[in-house]
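Scroll down for the structure; my scribbles are underneath it.
The values are calculated or read from the model by the stated rules, or taken from the named source; none is laboratory data. None of these values were measured; they are calculated from a predicted model. As a convention, Cβ positions derive from the backbone with ideal geometry for all residues, glycine included, and neighbour counts pool all protein chains shown. What goes into the accessible areas is simple: the full protein's heavy atoms, side chains included, and nothing from ligands, DNA or RNA. Shrake-Rupley method; radii C 1.70, N 1.55, O 1.52, S 1.80 Å.
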Amino acid sequence: MKRIAVLLAPGFEEAEAIVTLDILRRMKLDVETLACAESRAVESYHAVPMVADHTLQERFDVTYDAVVLPGGPEGSRNLAANESVLAFVRRHDEAGKLICPICSAAARVLGANGLLKGRRYVCSGDLWRDIDDGVYVDAPVVEEGNLLSGKGLGHVFDFALTLAARLLEDEAPVREHAEHIYYSW
């Protein structure tokens, strides 16, 4: 079974994290939330408290099939400033595992730290203007190699469903589930 880590830094965009987590778990994928803080308790961008499954430090040496980086102005800045997060993402990227930023995380976490490596990506707003590493594409979801990026909260279902299909290596059950939740994908 494929394993996914969803990294939660203080100030993470809760809907991006929860919708992605929900879709992946509905598709019977093994998802763990990892708090990028001292404790498992993390507060979201809109002050919603959440208790992660583990801290990043507790699971740092585990290898996942995908690493999801929710955005949020504060959350993406906190992810980008955390050396353990950058090392974790770098290790997974070098191993060819899926790296999946959404919203501001592609620019602030990957782009600002040389982790886009010239790949095509999407991010929110005009953050792409400050990034020299990577090729910005204005689309809901952009896939290149092992990088799967989502534009932002308004496209989180497209992001999560695309990620699920990629992990399952089959769109059929994901399309069926999209219909089940009344989402046109």
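Need the list of lysines near residue 117 for cross-linking: C-alpha distance under 27 angstrom, and skip anything on the same chain fewer than eight residues off.
Residue 117 reaches 2, 97, 151.
When a/c is below 1.5 the answer is rounded, else prolate if a/b is larger than b/c, else oblate, so apply that to the stretch 1-46 with a ≥ b ≥ c taken from the square roots of the Cα gyration tensor eigenvalues.
oblate
For the chain, what is the mean residue ellipticity at 222 nm derived from helices alone (per DSSP H run of n ≥ 4: -39500 (n - 2.57); sum divided by total residues; nearest 500 deg cm²/dmol)?
Mean residue ellipticity at 222 nm (helix-derived): -9500 deg cm²/dmol.
Between residue 63 and residue 144, how high is the FRET efficiency from 1/(1 + (r/R0)^6) when r is the Cβ-Cβ distance and R₀ = 25 Å? Nearest 0.05.
Once rounded, the FRET efficiency stands at 0.70.
Take residue 3, project a point 7 Å from its Cα along the Cβ direction, then tell me which residues of the stretch 46-69 have their backbone nitrogen under 11 Å from it.
From the stretch 46-69, the list is 59-66.
Over the stretch 11-62, with the other protein chains present, what is the accessible area per residue in square angstrom, probe 1.4 angstrom?
Values: 2540 Å² over 52 residues.
Per-residue value: 49 Å².
With the full set of protein chains in place, find how many percent of the accessible area of the stretch 1-152 is carbon and sulfur; take the probe as 1.4 Å.
Carbon with sulfur: 48 percent of the solvent-accessible area.
Quick one: Karplus J couplings for the stretch 144-149, per residue in order, coefficients 6.51, -1.76, 1.60, θ = phi - 60°, nearest Hz, x for Gly and Pro?
8, x, 9, 9, 10, 10
In nm, to one decimal, how far is the residue 81 label point from the residue 95 one, both placed 7 Å along Cα→Cβ?
With each label point 7 Å from Cα toward Cβ, the separation is 2.8 nm.
Which whole-Hz ³J(HN,Hα) couplings does the stretch 173-185 yield from phi under the Karplus relation 6.51 cos²θ - 1.76 cosθ + 1.60, θ = phi - 60°, glycine and proline marked x?
Karplus values, whole Hz, x for Gly and Pro: x, 6, 4, 4, 5, 4, 5, 4, 9, 6, 10, 7, 10.
Express the accessible area of the stretch 114-185 per residue in Å², computed with a 1.4 Å probe while the remaining protein chains stay in the model.
52 Å²
Restrict the search to the stretch 81-185; then list the trypsin sites (Lys or Arg not before Pro) that DSSP places in a loop and that have at most 16 other Cβ atoms within 10 Å of their Cβ.
For trypsin sites (Lys or Arg not before Pro) across the stretch 81-185 that sit outside H, G, I, E and B with at most 16 neighbouring Cβ atoms in 10 Å, the list reads 117.
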